[in-house]
Amino acid sequence: MSPSRVDEYLSNSSDAPTTAAPSPRFFGKLNTSMIESKFLSRPEDLGVVAVGFSGGQGKPGVDAAPTALIESGLLTQLRDDLGYTLHGHDDVHFYSDLAPAQDPPHRGMKNPRAVSAVTRKIAEQVYAQAREGRLVLTLGGDHSIAIGTIAGSAKAVRERLGREMAVIWVDAHADINTPETSGSGNVHGMPVAFLTGLAREEKDEFFGWLKDEHRISVKKLVYIGLRDVDAGEKRILRENGIKAFSMFDIDRHGIGRVMEMALAHIGSDTPIHLSFDVDALDPMWAPSTGTPVRGGLTLREGDFICEYVHQTGSLVAVDLVEVNPTLAPETDLGAHETVRAGCSIVRCALGESLL
Ligand SMILES: NC(=[NH2+])NCCC[C@H](N)C(=O)O
Ligand SMILES: [Mn+2]
Ligand SMILES: [Mn+2]
């Protein structure tokens, strides 16, 4: 080899870092699994919000989920195996101080002041992470907390990108009751109604703090996994032309085709907030949840949904809700399995299984 050729090689290799070095978007041990993000300025940074809140429904125990998920190693895996830099508070928030001594029903809603105050706080927390251009992971808590998570990320996305965000709501339930259509009065069955503006309130103490900047459009909302939808909710879905893929659609087309159709509806240049209710999974995989419904997604289908959304590069926020480790039918194996399924769902949404 002539000296000039060696020189050439050396100079190329010393130049290499500028041309061939991984872009700052790729990092960590499994950096090949990191997808280039379209909407995050710091995709390797993960904002974590952990809220042990159960006031959106009647069963205690869902407040223990963030601790159970973290103790089973979820955050360590995200940091050490997936290479994320984690941001946020070390503690799980319970916000018991925000619950007023007296919280009588309003328009039939149970614990309305507590849910409003806690979700308002969550919105601030999620917003603070999202406005930095970070992906935000929220560990709930019951599904009422999505009032806060989506309000916070929708506002940050509007400010940072001047865009409207889409929401993929994976659930056995539509959670789109208004206070008037709800049979239970549980606010975890109403978050989507408040977030889309189908339900509104003037007073701050009853979600009046939700403004247009926090809201999402019914046109950019897609449901996956529905199988227990109240009559009033069906009417709301129909009248508003909301895109919904039920378990029937998943059986009919397969989850791959359903995800293609879901993403086609949203469009490829839209930031996505994924709100995953663990009861979307069949109770066989996730028995420890407050409102289980048989005939649900396999764990593999749930993971696939998350992988698919991750792969779009459009993901800006993820919620995992309704894990209730204290509701363990028969043995506590149920709780263990449910927590394990929840961890799997989150890791897939954050890019674990992509090669
Ligand atoms: N996030 C949930 N698990 N929601 C279940 C809602 C059940 C019922 N549709 C209700 O309004 O009360
Ligand atoms: Mn549900
Ligand atoms: Mn739900």
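The values are calculated or read from the model by the stated rules, or taken from the named source; none is laboratory data. All values reported here derive from a predicted model rather than from experimental measurement. Using ideal geometry, Cβ is built from the backbone for each residue, glycine included, and neighbour counts are taken over all protein chains shown. Accessible surface is based on the protein model in full, side chains and every heavy atom, while ligands, DNA and RNA are left aside. Shrake-Rupley method; radii C 1.70, N 1.55, O 1.52, S 1.80 Å.
Counting charges near G183 (Lys, Arg +1; Asp, Glu -1) among other residues having Cβ under 11 Å from its Cβ returns a value of -3.
One quarter of the convex hull surface built on the alpha carbon atoms of segment 92-170 amounts to 6.1 nm², the projected area averaged over directions.
Per residue of the chain, the DSSP helices (runs of n ≥ 4 H) give a summed -39500 (n - 2.57) that works out to -11000 deg cm²/dmol at 222 nm. Scaled to the globular estimate 2.2 N^0.38 Å, the Cα spread of segment 41-151, given as radius of gyration, is 1.12.
In a simple Cβ point-charge model (Lys, Arg +1; Asp, Glu -1; nothing else charged), the chain has a dipole of about 860 debye relative to its Cα centre.
Taking 0.36 nm per residue of separation and subtracting the Cα-Cα distance, full extension of the segment from K203 to R42 would add 54.3 nm. Taken as Cα centroids, segment 58-130 and segment 169-218 sit 18 Å apart, rounded to the nearest whole angstrom.
For segment 102-110, backbone phi angles converted through the Karplus equation (6.51, -1.76, 1.60; θ = phi - 60°) give residue-by-residue couplings of 10, 9, x, x, 9, 6, x, 6, 8 Hz, Gly and Pro being listed as x. In the distance distribution for segment 108-267, Cα-Cα pairs more than 29 Å apart total 15 percent. Over segment 3-349, what percent of the accessible surface lies on carbon and sulfur atoms, probe 1.4 Å? Of all accessible area on segment 3-349, carbon and sulfur atoms account for 50 percent. Database note for the chain: Cys without another Cys beta carbon under 4.7 angstrom, C343.
Any idea what % of Cα-Cα pairs in segment 215-306 are farther than 20 Å? Value for segment 215-306 (Cα pairs over 20 Å): 37 percent.
Less than 5 angstrom separates the built amide H of A244 from those of Y223, all sequence-distant by 5 or more or on a different chain. Normalised by residue number, the volume inside the convex hull of the Cα atoms of segment 3-349 is 141 Å³ per residue.
Looking at segment 293-350, the trypsin sites (Lys or Arg not before Pro) that sit in a DSSP loop and have at most 12 other Cβ atoms within 10 Å of their own Cβ are R294. Rolling a 1.4 Å probe over the protein heavy atoms gives the chain an accessible area of 42 Å² per residue.
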